[in-house]
Amino acid sequence: MVKDLLYVIPAGKYGKEDLVNLLKNHPEIKFVSLVGIDLAGNDTDEKIPIQLFLKNVDDFFAGSAVQTDGSSVVLTGVATLNNAKVDMIADPNVNWPVDYNYELTDEETGKPVGTLRIPSFLVHNGVRVDSRSILAQSLEYIKSELLSLFKRNTKIAGIEHVSADEIEDVVFTSATELEFWVKTPANKAEVEELSASQVMQEQYWQRTRGNVRTAMEQAILMLAKYGLEPEMGHKEVGGVKAKIDEAGHLSHVMEQLEIDWKFANAIQAADNELQARIIIKEAFRSNGLDVTFKAKPIIGIAGNGEHTHVGIAAKLKSGKIINLFSPADMSKYFLSAIGYGAIMGLLKNYEVVNPFISSTNDSLNRLKPGFEAPVCIVTSLGHDPAVPSRNRTILAGLVRDVASPLATRFEVRAPNPYTNTYIALTTIYLSMFDGIKACIEAGKSVEELDAELSKDAGTAGFYLEKDRAYRSEHDVFEDYTAETRDRLFSKPPATVWENMNNLKKYPEKVKVITAGNVLRPELVEAFVAGALIRWKTELLNRIIPENLSIVTDACRLHDTEATDLDLHNWEKINSLRVYLAKDSVAQKSIFTQIRDAISTGDFDTASKLQIEMTDKIDELKALYLQYRKNMIHICN
């Protein structure tokens, strides 16, 4: 780290003249990059010379200075090839970080060359079409509707100590927790070894060492420089113990880590997450380590989650801040009516929220029973309001501290580091607003709302669906069978196609997340189209080739001294290999059937075959492992 660097320009601190003077006083900042977020969550990055920015600063703020080709970002069906111009407008209401290249030194100052990254909006045909805009405009809509709702209902269950007409403003607070795997480049570890370490919890909360420790500490210190207020960095459950080479350095690193930082308003929180990923990746790269934020980098081993915390607060006319989820009596009640409405709205409408959280093959690979990853649409509040508890097996859990009402929030456990946090928060908050509105307008007491959320499947409710259950204080993986989970909490989608189809299957719920006409139907369609293009492309060009390598690597190992067990196992293995990958005149392999289904647009069939392919590949890997373990190699 270098002294006297400008790491961040705080929101609203500088006018245009002051900004120009500030940048002139930091000549090491050589470039400006307007950062727009497309519908897939990708951020733009261009290098505009600082002199050009300073010369045309008014045009930059007006959105007329920078344009991009819509075909270079994921705005599928919105910015088309014959109408691709997209304007970029700077957002002055959030922090602007400076990204430094520590491998390139400015000759004049001796400092690393910096790029000012300005969060921006993408505009097509005069309309905002980017993820940041969707979140910002949706929150403005929800805020307006809530303030209007409060004026019509001045006494709300659970917050009777505050008259709703005292509320001046609504604040949406969010935070994310970032998990990631770090490893020595090109290093691989056996799944069996990783699995054993995970089950025995040998790595969780252990002390970091060597270059992993150095990178972790550098990342945490750098997050603080950027004002993210880091709260913790620690080892996660995945990983194996590293080895020490002849020079005394760690080698064969394969560890899972987590870094957390303080909450912020929802838009700033999403921007902070993007900046945190950059900082963490660069810190570890500079120490010779690879970082992956993939949701499921190793099948069969714990994946990377990004638990997303959401809350809603109110600023009173007196200036006091209150948590709208917290009841007046924290030891007697779990939540206020607004808190109960928020979690009920999220759970009731989650089928149409999930596509925006889990939109990739990788994200769905993570959501499997047994890895503390949520597969059921269910919540947990705790066993008693006076004694907060945490259930890590549910979709969204209540986080609370009896002594600190401002800390009350919901932790949504399904997102992963590559979830588009902007659109995920949009759909989460819109679904929550639907439940809040229903609960307030129904005039129910806190006790009645608790009964609604805690109802058994088959019991009718005023808001929640009759045949579903929504709350469980049990371990949903261990205490229910898969069939019972599916019946009580709905069957989770197994493929991207199934998940996206929920947006057609539940039109009434889609109205909830498109309320306010911000996440407009054409933007939903664009998001889905982009997700399906990635699904098809990855299935054809990455997943099938990777599975083909698994098939071809499962080669015959036994010789003339093979046992009957070897022969039996090999017969089953080879049968699976043929079924998966080898065509005949009479029968096409699963791989070929998937290719054919996608080429003809039969995505239902392709989705079903993908599920079967995954099951068969898992079966093949298990059988081949058993077969290989029975081999005895004779040494000369």
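Derivation of every value follows stated rules applied to the coordinates shown; laboratory data play no part. For clarity, every value in this text was computed on a predicted model and none was experimentally measured. Cβ coordinates were reconstructed from backbone atoms using ideal geometry, including for glycine residues, and neighbour counts include every protein chain displayed.
Taking H as built 1.01 Å from N, whose amide H comes closer than 5 Å to the amide H of PHE325, not counting residues under 5 places away?
Here ILE312 satisfy the definition.
If you filter the range 504-596 for GluC sites (Glu not before Pro), then keep DSSP loop positions with at most 14 other Cβ within 10 Å, what is left?
Sites meeting the loop and neighbour criteria: GLU561.
Could you state the number of Å between the C-alpha centres of the range 1-41 and the range 73-91?
Centre-to-centre (Cα) distance: 25 Å.
So, in Å, what gap is there between the alpha-carbon centers of the range 150-169 and the range 116-142?
Spelled out, the Cα-based centre of one part sits 30 Å from the other.
Over what distance in Å are the Cα centres of the range 297-345 and the range 522-543 separated?
32
With a cut-off of 8 Å between alpha carbons and a minimum separation of six or more residues, what is the relative contact order of the chain in percent?
It comes to 12 percent, rounded to a whole number.
In the neighborhood of GLY41, defined by Cβ-to-Cβ distances under 15 Å, what is the net charge if each Lys or Arg adds +1 and each Asp or Glu adds -1?
Once all neighbours under 15 Å are counted, the net charge is -4.
Where does each of 93-101, 414-422 land if you order them by average Cβ count within 10 Å, highest first?
Highest to lowest by the protection proxy: 414-422, 93-101.
Give the peptides 442-451, 315-324, 261-270 in descending order of average Cβ contacts within 10 Å, highest first.
Highest mean packing first, the order is 261-270, 442-451, 315-324.
Name the shape class, rounded, prolate or oblate, that the alpha-carbon gyration tensor gives for the range 485-636, where a ≥ b ≥ c are the square roots of its eigenvalues, rounded holds for a/c under 1.5, and otherwise prolate holds if a/b is larger than b/c and oblate otherwise.
Prolate shape, in that a/c is at least 1.5 and a/b is the bigger ratio.
Kindly provide the helix-only [θ] at 222 nm of the chain, computed as the sum of -39,500 (n - 2.57) over DSSP H runs of four or more divided by all residues, to the nearest 500 deg cm²/dmol?
-12500 deg cm²/dmol
Using unit Cβ charges (K, R positive; D, E negative) and no other charged atoms, how large, in debye to the nearest 20, is the dipole of the chain about its Cα centre?
It comes to approximately 500 debye.
Which of rounded, prolate or oblate describes the range 8-129 when judged by the alpha-carbon gyration tensor and an a/c cut-off of 1.5?
The shape class here is prolate.
Using the per-residue mean of other Cβ atoms lying within 10 Å as a proxy for protection, in what order, highest first, do the peptides 513-519, 327-333 fall?
513-519, 327-333
Under 18 Å from the Cα of LYS225, which aspartates and glutamates turn up, not counting those fewer than eight places away in the same chain?
Hits, sequence-local ones excluded: ASP4, GLU28, ASP99, GLU217, ASP260, ASP271, GLU273, GLU282.
Once phi is turned into θ = phi - 60°, what whole-Hz ³J(HN,Hα) does the Karplus curve with 6.51, -1.76 and 1.60 give for every residue of the range 574-591, x standing for Gly and Pro?
Result, rounded to whole Hz: 5, 4, 5, 4, 5, 4, 7, 10, 10, 8, 9, 5, 8, 9, 8, 5, 4, 4.
Do you know the relative contact order of the range 508-593, to the nearest whole percent, from alpha carbon pairs under 8 angstrom that are 6+ apart?
Across the range 508-593, relative contact order equals 17 percent.
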